[in-house]
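Student: Below is one structure. I have some questions about it.
The values are calculated or read from the model by the stated rules, or taken from the named source; none is laboratory data. Only a predicted model underlies this, so the values are computations on that prediction, with no experimental measurement involved. Virtual Cβ from ideal backbone geometry, glycine too; neighbours counted across all protein chains shown. Note: accessible area is taken over every heavy atom of the protein model, side chains too, but ligands, DNA and RNA are not part of it. Shrake-Rupley method; radii C 1.70, N 1.55, O 1.52, S 1.80 Å.
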Amino acid sequence: MKINFIDLKRQYQSIKNEIDTAIDNVIKNTNFILGEEVEKFEKEFADYCNVKYGIGVNSGTSALHLALLANNISKGDEVITVANTFIATVLAISLTGAEPILVDINEKNYNININKIEEKITDKTKAIIPVHLYGQSADMDPILELAEKYNLKVIEDACQAHGAEYKGKKVGCYGNAACFSFYPSKNLGAYGDAGMVVTNDEKISERLVMLRNYGQKVKYHHLMKGFNNRLDTIQATILRVKLKRLDEWNEARRKNAKRYNELLGDAVITPIEESYARHIYHLYVIRVKNREDLQKFLNEKGISTAIHYPIPIHMQKAYLDLGYKEGDFYATEKSAKEILSLPMFPELSEEEIKYIVHNIKQSNIKI
Ligand SMILES: *Cc1c(COP(=O)(O)O)cnc(C)c1O
């Protein structure tokens, strides 16, 4: 058997007619930039998150970058985030000129360690970016308390968490703004790059509308220096078709995760779902001591796996200038050597999960 890490073809086959018609309509109307389809998707996705405003942009990275700018983050400021995240979280901070300040993870849930944030807050700290990594919400209440105490902005990186919940409410409504990526492999994925910021703050929403579109609200009247970071209209029309299925797809991922958990038992360290969270398993991440051996073994059996992420931010060449060294983030560094992401997508079959687990058990695992 051959099992891809993610298989987008199966999903396309299941919605092909609707997608093809939607794309056709945009092309027939030749209304390629912003317009009705983008506005409708912004409204539908903001409604989905129970948030007032949605501002479509061209990627999750732009969503983070512009959300920081709209919250007045700039050079001289410090922004706190987590050492185990996709590099884009930190790049977005750098793009504003602000300094990224990293915090170690909680080794059990892989999200920011809420007990290690306060010690990093200085006079320069302006914002915290919690990342809802792998599809599980960060523990937001203690973060919001710190933000209140020190007058900080909170910007959620929800790029892996479309539809994930914290204490019964979908993520995206907790911060001053929240950022989503619709990169093709995300739980809600476009057929190219796309992203969105959602917010309940009208002023921030107005700034974002300008920032993504050359700093203008009215054509050729530029009120600020902006960017060309708009959400592509063809991507918006595709995302409208897919948003209707997101809950069903997230439910299928949860079901797959449950099957993995049941079949794997204690053979490896399986992911946990915190009592405050509804995990939507963007990634299903297990942990073993001899990760390289297991990955190689599974690869030989036709099973593709991945590592999220093999090199923590502070060990990346691009970020040596932050002045961190090996040993600064113990839990992040340790987990980076042991984590392995198994195939996870809604269409993964029972037979495939059984085959994967069977082979994991056949290998010589150390935990
Ligand atoms: C995917 C991702 C991003 C960046 O999104 P792009 O659309 O690829 O720019 C940012 N943060 C996290 C946690 C992500 O997973």
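Student: Considering the stretch 162-174 alone, what residues qualify as being exposed (fewer than 15 other Cβ atoms within 10 Å of the Cβ) and either assigned to a loop (DSSP other than H, G, I, E, B) or free of Cβ contacts under 8 Å to residues at least 12 places away in the same chain (or both)?
Tutor: Answer for the stretch 162-174, where residues must be exposed (fewer than 15 other Cβ atoms within 10 Å of the Cβ) and either assigned to a loop (DSSP other than H, G, I, E, B) or free of Cβ contacts under 8 Å to residues at least 12 places away in the same chain (or both): K167, G168.
Student: Being over 17 Å from P100 (Cβ atoms) and over 19 Å from the mean Cα position of the chain (by Cα) is the filter; apply it to the stretch 124-145 and report the residue that is surrounded by the most Cβ atoms within 10 Å (Cβ to Cβ).
Tutor: Checked the stretch 124-145; the qualifying residue surrounded by the most Cβ atoms within 10 Å (Cβ to Cβ) is L144.
Results for (1) closer than 18 Å to N113 by Cβ; (2) surrounded by fewer than 21 Cβ atoms within 10 Å (Cβ to Cβ), shown as yes or no for each residue.
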{"position": "D266", "(1), (2)": "no, yes"}
{"position": "L283", "(1), (2)": "no, no"}
{"position": "K289", "(1), (2)": "no, yes"}
{"position": "A306", "(1), (2)": "no, yes"}
{"position": "P310", "(1), (2)": "no, yes"}
{"position": "K317", "(1), (2)": "no, yes"}
{"position": "G323", "(1), (2)": "no, yes"}
{"position": "E333", "(1), (2)": "yes, yes"}
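Student: I would also like to ask the following. Can L340 be described as open to solvent by less than 50 Å² (accessible area, probe 1.4 Å), without any contact (Cβ under 8 Å) to a residue 60 or more places away in the chain and closer than 29 Å to K255 by Cβ?
Tutor: Spelling it out, L340 is indeed open to solvent by less than 50 Å² (accessible area, probe 1.4 Å), without any contact (Cβ under 8 Å) to a residue 60 or more places away in the chain and closer than 29 Å to K255 by Cβ.
Student: Could you check the stretch 134-161 and list, in sequence order, the residues that are assigned to a loop (DSSP other than H, G, I, E, B) and either touching a helix residue (DSSP H, G or I) at 6+ places or on another chain (Cβ under 6 Å) or aromatic (F, W, Y) (or both)?
Tutor: Within the stretch 134-161, D139, C159, Q160, A161 qualify.
Student: I need a count of the residues in the stretch 65-92 that are closer than 19 Å to K225 by Cβ and either within 15 Å of the ligand (Cβ to nearest atom) or at pLDDT below 95 (or both).
Tutor: Matching residues across the stretch 65-92 total 5.
Student: Among the residues of the stretch 48-64, count how many are farther than 17 Å from I129 by Cα and either more than 16 Å from the ligand (Cβ to nearest atom) or open to solvent by 30 Å² or more (accessible area, probe 1.4 Å) (or both).
Tutor: Result for the stretch 48-64: 7.
Student: How many residues are assigned to a loop (DSSP other than H, G, I, E, B) and surrounded by fewer than 24 Cβ atoms within 10 Å (Cβ to Cβ) if we restrict to the stretch 191-226?
Tutor: Number satisfying all stated conditions: 13.
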